[in-house]
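**Q** Supplied in structure tokens, the structure appears directly below.
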Amino acid sequence: MAPHKKINVTFLPDTRRVSVPHGVSLLEAVHRAGIVLPTRCGGKAGCLMCKVSIDPGESAALRPPSEAERRKLGSLLDQGVRLACQAAVWEDVSVHIPEDPLKAAVRRRLEAARRGEAEDLW
């Protein structure tokens, strides 16, 4: 594949898309898309904070896991979990970004309030 070819990465659930050069890490693609994905290790597969997931049928769209990523993720790799700092894009791919825990809690409360269950939440 030509290194100048742009790869389309779609981030779910927000359906945010970005085009990046072949071989760019998912973490770089995340940043280019303006998505916040926490990390502490500076992209060295140390903190495991940048976990994302892809559908199993799209695993060939990313560079195969490195030995460091295999050690860190183990059986999670079989479930489509990858470290954004280690996975490089080779082909168009859709990536599931985990929901921020605080946003998830707020979303659950809002959904419950819409269903009339707000009194049970406090």
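**Q** Picking from Ser59, Ser19, which residue would you name as being part of a strand (DSSP E or B), polar (S, T, N, Q) and under 26 Å from Lys5 (Cα atoms)?
**A** Answer to the selection: Ser19.
**Q** From the list Arg70, Arg114, pick out the single residue that is of a type outside the set (Phe, Trp, Tyr), surrounded by fewer than 16 Cβ atoms within 10 Å (Cβ to Cβ) and modelled with pLDDT of 90 or more.
**A** Matching residue, one of Arg70, Arg114: Arg70.
**Q** Still on this structure: For residues in the stretch 1-16 being of a type outside the set (Gly, Ala, Ser) and in a loop (DSSP other than H, G, I, E, B), which is nearest to Glu99 (Cα to Cα)?
**A** If we take residues in the stretch 1-16 being of a type outside the set (Gly, Ala, Ser) and in a loop (DSSP other than H, G, I, E, B), then Pro13 is nearest to Glu99 (Cα to Cα).
**Q** Got a sec? Which of Gly34, Gly46 is in contact with a strand residue (DSSP E or B) (Cβ under 8 Å, 6 or more places away or on another chain) and modelled with pLDDT under 95?
**A** That would be Gly34, the only listed residue that is in contact with a strand residue (DSSP E or B) (Cβ under 8 Å, 6 or more places away or on another chain) and modelled with pLDDT under 95.
**Q** Next up: Could you please find all residues in the stretch 24-48 being loosely packed, with under 14 Cβ neighbours inside 10 Å and either assigned to a loop (DSSP other than H, G, I, E, B) or in contact (Cβ under 8 Å) with a residue 40 or more places away in the chain (or both)?
**A** Result: Gly34, Val36, Pro38, Arg40, Cys41, Gly42, Lys44.
**Q** Do the conditions hold for Leu73, that is, is it without any contact (Cβ under 8 Å) to a residue 40 or more places away in the chain, in contact with an Asp or Glu (Cβ under 8 Å, 6 or more places away or on another chain), not in a strand (DSSP E or B) and not hydroxyl-bearing (Ser, Thr, Tyr)? Let's see the steps before the verdict.
**A** Values: without any contact (Cβ under 8 Å) to a residue 40 or more places away in the chain: yes; in contact with an Asp or Glu (Cβ under 8 Å, 6 or more places away or on another chain): no; not in a strand (DSSP E or B): yes; not hydroxyl-bearing (Ser, Thr, Tyr): yes.
In short, no.
The values are calculated or read from the model by the stated rules, or taken from the named source; none is laboratory data. Everything numeric here is computed off the predicted structure, so don't read it as measured data. Glycine also receives a Cβ, built like all others from the backbone with ideal geometry; neighbour counts cover every protein chain displayed.
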